[in-house]
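Remarks on the structure that follows.
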């Protein structure tokens, strides 16, 4: 990691709107020579690389982390899980006040879940909103790049730098959007979390001047079930991601890496438990299964666009969907497990909705809820986070909407466990 540049001040210009803002990058993203602009003309000062889970797969701290320790989450008592593979990126922004932004990747939740756990603002963008060239791949059909920030206004600056251009510079929020409230996931079981969420959602309704539209995704599937399909939504989509993505992970990453390492070193590489499982599992996904997974995903997003959320027109989403991203229960980093996570991406959960529809989803803190820490023996605060899904292609509008929303309503964010801050 390079030394942190001292005395850097923000001196934004039209050609370098982010001049002086400090940025750190997840350690699966190539950074040629650690140059300060990272092949960007925005003017960011890149200060280093940040820890990822092994090959950006899904690992439980601390048991699945072997070569490197899992990052620490400064929220609550300081011993909560940092969550997904971009947890190093989230931990850095949540911990260090001198770091303005960080970058991470999201394949099926690796930006969104850490953002929720660390009470940060972050987005999984529309697939293809920015290039993933130079990123260690999981699957090109799923990998996206996004960033983390501590405030909505700061995140809007980052979003414009990541996803903006001369053609998209004016994709700002307009008050003509209705909201979707899926009863598949509402209300949440934890009463304290539901109270925080409901209070915030009412504030959003007041900000928009309109009421939520209640829907049920499973019922909508039954009403508009595709011809020849007998399964429920969750049954039909259960293996779609696993079939679509995991063959790519084997052929595009794991097999070439293992083959090259073994040839050069004369022995196979030492791998973390989750990746050892993947080395056994991913070669079993057939080409026929991958084709079927991709076909089912097309069926899903065709129906989603037609009946739930049509693609954005000129960058503007006609609706946003709100989802809960935290449970109100502490998830500690030292919890013993029966074995490695063995995550394949099977199932259909709230975090699948955005990626399966190729829609952007922004995560933000709506407040916090109390819990008694097993470490400190006193009351601490858990982040309570929401996600907003916008229509495909509405990335900048979504960032602008949340920025204006927080400018109007504000929020209470779970405090950070104080860390020693370097003098800059």
Out of every Cα-Cα pair in the stretch 57-212, what percent are more than 20 Å apart?
60 percent
How are the Cα pair distances of the stretch 289-333 distributed, in percent, across 10 Å bins from 0?
21, 28, 27, 23, 1
Kirkwood-based Rg/Rh on the Cα set of the stretch 202-251 evaluates to 1.24
The stretch 297-360 and the stretch 193-266 have their Cα centres apart by a whole-number Å value of 4 Å
Cα-Cα separations in the stretch 157-294 greater than 20 Å, expressed as whole percent:
72 percent
Just subtract the alpha-carbon distance of residue 263 and residue 127 from 0.36 nm times their residue separation and send over the number in nm, one decimal.
45.5 nm
Could you state the per residue volume, in Å³, of the convex hull enclosing the Cα atoms of the stretch 246-318?
146 Å³
Likely footprinting exposure, 408, 318, 53, fewest C-beta neighbours within 10 Å first:
408, 318, 53
What spacing in nm lies between the two simple spin-label points modelled at residue 218 and residue 408, each 7 Å away from Cα in the Cβ direction?
3.4 nm
Kirkwood-type radius of the stretch 274-393, with distances r between different C-alpha atoms, in Å:
17.7 Å
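Here, each number is a calculation from the coordinates, and none is a lab measurement. No experiment lies behind these values; they were computed from the predicted model shown. Every residue, glycine as well, gets a Cβ built from its backbone with ideal geometry; the counts of neighbours run over all protein chains shown.
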